[in-house]
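Step one of this worksheet: look at the structure below.
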Amino acid sequence: MATVADDHHDHHDHHPTGLIRWITTTNHKDIGTLYLLFSFAMFLVGGAMAMVIRAELFQPGLQIVDPHFFNQMTTVHALVMVFGAVMPGMVGFANWMIPIMIGAPDMALPRLNNWSFWILPFAATLLLSSFLTAGGGPAAGWTLYAPLTIQGGMGVDLTIFAVHMLGISSVLGAINVIVTIFNMRAPGMDFMKMPLFVWTWLITAFLLIAVMPVFAGAVTMLLTDRHFGTAFFNPAGGGDPVLFQHIFWFFGHPEVYIMILPAFGIISAIIPTFSRKPLFGYTSMVLAVAGIAFLSFIVWAHHMFTVGMPLIGEVYFMYATMLIAVPTGVKVFNWVATMWRGSLTFETPMLFAIGVVVLFTIGGLSGLMLGITPADFQYHDTYFVVAHFHYVLFSGSVMAMMGGVYYWLPKWTGHMYDEKLGKLHFWLTTIFFNITFFPQHFLGLAGMPRRIPDYALQFTEFNVISSLGAFGLGVSQLLMAYIVYKCVKGGEKATDEVWDNPEGLEWTLPSPAPYHTFETPPVIK
Amino acid sequence: MVRLNKAFTVSLSALIPLAVATPVFAEWGLNLPTPVTPIGEGILTLHNWILLICTIIFVGVFGVMFYSLYAHRKSKGHKPSQFSHSTFAEITWTVIPTLILIGMAIPSTAMLIKMEDTSEADLTVKITGYQWKWRYDYLDSGVQFYSNLSTDRNEILNKNEKGENYLLEVDNQVVLPIGKKIRFLITANDVIHSWWVPQLAVKKDAIPGFINEVWTKINEPGIYRGQCTELCGREHGFMPVVVKAVSVEEFDAWVAENAPAEEQAEETQSGVSGGQTLVAVSAISTEDGADDPAPAIR
Amino acid sequence: MNRRLVLRLLALTVVMFGFGYALVPLYDTLCVAFGLNGKTRITDTQTAAADGVDEDRWITVQFTSHTATGLPWEFRPMMNSVRVHPGEVKDAVYFAKNNSSNPIFGRATYSVSPSIAAVHFNKTECFCFTNQLLEGHEAKEMPVRFVVGRDIPKDVKTITLSYSFFNAEQYLSEEDKNKLTASTKRNSAGEG
């Protein structure tokens, strides 16, 4: 396929400086940086809410917040982390790395790119401003289940609008990614030569376009149910509350993979570099990602086994869910095979990658357990589920992003980060993460429901441990901010290759990567 | 490889008693609580087996990985080989997990069929979730009451010492006979709730406008405690379920004592339907939650 | 080239937004087809009873009711249960009374359990999903006519029919109310 690199040649030679540069920028690297900074800021905001949750749960009894505010915290914590931290973070990586990895000078639609980003801060402000309304923020859980959401105050409406904006932003971002990958690849960069990170993002982008509009539709129906006399979900008007759950999870399950697939891509970039060996089973990795994406559309109701489905439905969704373990297993086995008989070193990115593979697999296995319908009746809506999705989302997506930051930071800034501090950050994160979330498996099995501000006395010990872990986990993340700041400000000069003979076009560029790259397409062997 | 196999066997033999010896775990609150129903026992067995298989897979895969991390590290001078695919390996680790999954699916399906069979029940209890309490209607005898959290507010607010069954105690317990097949019809008044008693292994959503069915058969007398498990608003954490399982004789006596007299049955029924009065009356919760067990701290 | 792809992707976005809405009727269709959520078909008596009565089997049909908070009505089945043969046309009656002194519109949803039976439960006359007006302190009997299909699975011995009444006022404009009031042929067009 031809490249359109030449069309973009002369636009960006002079760029403004200061604040105006960041507001008006159409440069994929600037926008990538903005996305990543925004993501980290949201990570801290959502994290602060998690601290409130864990502080309240530190002891039985109501200490710090009242139950309604507690519900707002769990709801907004999830919304902020999902839509504010993880998704934009992944888009940040896409912006920075995809054009470089495929030898393109920029994203295909640079002005749209600027737009997609600048929607985000306004959406986030809208979402957070819901706390200032009379009824407070949304308190019905991030799943926004009707009819509870219909009861909420104006905060719910603000949340719905914020979700619309976030949805528009991610769909625009996804369109940009697809167009870039389809039309901007350097000559010779065939689809099956693209780095796995590009592949995972291509598939993620299609998932985004397929499900974000469905979610937008669902919340729009909520909005009209709340204010305009429709009754999609309200039984009082002849609606069906379970319908909302079906529509929500039709979006919600692919959404989970939207958050994890790019993480798989990052891991697949890091592990070969530090194993000094090519990625094992590239083709099957691509197929596995495509398989996972396909399956994500046909398993949604495993989130709602307890709503009372006919037997045949329960059996079908159980089997389909169990199938996901196969392609996911293939990925894990391929990563292990990549390390096998390599020449391994353990720099910070590699530590994070190994951590992700191990911990994500714990989340994957608990996910398999949750997929077994009869057992799910016991696990459903307990802390077992909370533990499960933090193992896949935090130690899957978030830790993969941290690994990705350390991996590419020298390329972005031109300086090496502080390796000692980086490793310290990894160990603190991993240890505190496990202290926080591993005991939650036991809490869930023992019978502690999720989303409760207070609990029976038999749950006390594990909650204390979990809260202590959470505080440690929260504080440790400030270290990352310091490491990145220090690296941006200075440090040992990074070589162009940075690591030991890594694969990929990004390492053929100087460090730091110049403002404009690949204005003449590179030659792909 | 020999050493690896040995390590594998050792870790396995250490794990099996851990995962199978559930009573010990249950006392520590590490595993599902001791079940008191046939379904609960079935689920516990299923859960233990799946957990065991998952643990073995985990230890196996990461045993290999950590061995690699140790043996193939650069600092030890290991030279990287450059292989990047092996069709045999790829097929193996697609087929074997598939077989394991099929092995898991068979008993799970059988279990599920048992769980969904609500036919030929001896007794039907209708459960209605309210913000934030439960209501029980014994359809066969006309017994009906609300069940509210009975924990003292001061305990919740840390002013008084917390009792043994803190947050898991109610004013009116659901009395059920042992050894009988009990069918629950579950619905809700306002938003979605979920009725859960872990030891009975019964969890079903209560959805306004719709009814769900689920059944249980309790093996032994006792008091079994559970909670609402679907976020239902501010007091979601404060609407527990307490089941008191008694012998059939005791149950009959309890019914006789609490059932409305034949003539009054109609009257009471009417009262209930209007949502006004009940045997164990408690006012329908108001919008500002004035009757709520846990006051807001603002 | 970019433009064409962008337009296609935007079109896909719009289609998927529409698909979200299309799930609403699609879900209803599936519900009725498979008895999801205990939704049943409404058919005419002749079709439902066309196959004749299966005298050898008995099915117990149980009736329950719920009146949601916010509707000051009393609403209950006149009988707890009834035994029927598959294929037999049967009537049941619910009793409703407005305990307040104002006219109020209510609306009922129904649900049949177990869901496997819902597909075979044919209601030929029903007050569900239509707005029902009760004047202040008015009492009314609400009939349901149903036929349990002959093809109902053998292991189903009990079927529960549940009605929940909700206050429908918020879903009705004054105009709708007037129309409904007129159509129920009442003299007192009492609107508050």
Debye sum, Cα scatterers, chain A, no solvent: what log₁₀ I/I(0) at q = 0.05, 0.06, 0.13 1/Å?
-0.19, -0.27, -1.37
Distance between Cα centroids, the range A:442-490 to the range B:118-161: provide it in whole Å.
34 Å
Evaluated over the range B:123-273, the Cα radius of gyration and Dmax, each in Å:
15.4, 47
Between C:ARG57 and B:PHE58, what is the label-point separation in nm under the 7 Å Cα-to-beta-carbon projection?
4.7 nm
Using the alpha-carbon atoms, what tilt in degrees (0 to 90, nearest 10) does helix A:87-101 show relative to the longest principal axis of chain A?
20 degrees
Stokes-Einstein translational diffusion, the range A:374-525 - Kirkwood Rh over all Cα pairs, 1.306 mPa s, 10 °C, in µm²/s:
88 µm²/s
Kirkwood Rh and Cα Rg combined as Rg/Rh, the protein assembly as shown
0.99
May I ask you to derive the relative contact order of chain A, considering only C-alpha pairs under 8 Å and at least 6 residues apart, and to give it as an integer percent?
18 percent
Within chain C, what is the longest stretch that has no trypsin sites (Lys or Arg not before Pro) placed in a DSSP loop and near at most 10 other beta-carbon atoms within 10 Å?
C:1-153
18 Å Cα-Cα reach of C:LYS179 towards aspartates and glutamates, excluding residues that sit fewer than 8 places from it in its own chain
C:GLU135, C:GLU169, C:GLU191
Charge tally in the Cβ shell below 10 Å around C:GLY52, where Lys, Arg are +1 and Asp, Glu are -1, C:GLY52 excluded:
-3
Helix axis angle, A:110-129 relative to chain A longest principal axis, alpha carbon, degrees
30 degrees
Toward the positive end of the charge dipole of chain A, about the Cα centre and with charges on Cβ (Lys, Arg +1; Asp, Glu -1), which of A:LEU368, A:ALA231, A:VAL163 goes farthest?
A:LEU368
Residues whose built amide H sits under 5 Å from the amide H of A:ILE298, excluding neighbours closer than 5 in sequence, are none
Quick one: how many lysine pairs does chain A have with C-alpha atoms less than 21 Å apart and a gap of 8 or more or different chains? Give me the count, please.
21
Here D for the range A:267-390, in µm²/s, from Stokes-Einstein with a Kirkwood Rh over Cα pairs at 37 °C and 0.692 mPa s, works out to 207 µm²/s
Using the Cα centre of the protein assembly as shown as the reference point, and only Cβ charges (+1 on K/R, -1 on D/E), how large is the resulting charge dipole? Debye, rounded to the nearest 20.
3460 debye
Once Lys and Arg are counted +1 and Asp and Glu -1 for all other residues with Cβ under 15 Å from that of A:TRP142, the total becomes -1
For a 25 Å ceiling on Cα separation, which of these pairs sit above it: B:LYS126/B:LYS159; C:LYS97/C:LYS177; B:LYS180/B:LYS204?
B:LYS126/B:LYS159
Taking a virtual spin label 7 Å from the Cα of A:LEU421 along the C-beta vector, which residues in the range A:474-508 bring their backbone nitrogen under 18 Å of it?
A:474-494
Connecting every pair of Cα atoms under 10 Å apart in chain C and solving the GNM, the largest mean-square fluctuation among C:LEU161, C:LEU71, C:LEU30 falls on C:LEU30
Most mobile of C:MET142, C:MET79, C:MET16 per a Gaussian network model of chain C (Cα springs, under 10 Å)?
C:MET16
Starting from the range A:427-525, pick out the chymotrypsin sites (Phe, Trp or Tyr not before Pro) whose DSSP state is loop and whose Cβ has at most 13 other Cβ atoms within 10 Å.
A:TYR515
Orientation-averaged projected area, Cα convex hull of the range C:37-183 (nm²):
8.9 nm²
Mind pulling the angle between the C-alpha long axis of helix A:28-56 and the longest principal axis of chain A? Nearest 10 degrees, somewhere in 0 to 90.
30 degrees
Got a sec? Charge dipole of the protein assembly as shown, +1 on Cβ for Lys and Arg, -1 for Asp and Glu; which of A:ILE181, A:MET101, B:SER147 is way out at the positive end?
A:MET101
Among C:PHE165, C:PHE19, C:PHE75, which one shows the biggest mean-square fluctuation in a GNM of chain C, springs joining Cα atoms closer than 10 Å?
C:PHE19
B:ALA110: net charge of surrounding residues, Cβ under 15 Å, Lys/Arg +1, Asp/Glu -1, itself excluded?
-3
Output wanted: per-residue J couplings in Hz (rounded whole) for the range B:195-211, from phi through Karplus 6.51 cos²θ - 1.76 cosθ + 1.60, θ = phi - 60°, x for Gly and Pro.
8, 9, 10, x, 6, 8, 6, 10, 9, 8, 6, 9, 10, x, x, 9, 10
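None of the figures in this text is laboratory data; all of them are computed from the coordinates on show. Keep in mind that this is a model prediction, so the values were computed, not measured. We place every Cβ from the backbone using ideal geometry, glycine too, and count neighbours over all the protein chains shown.
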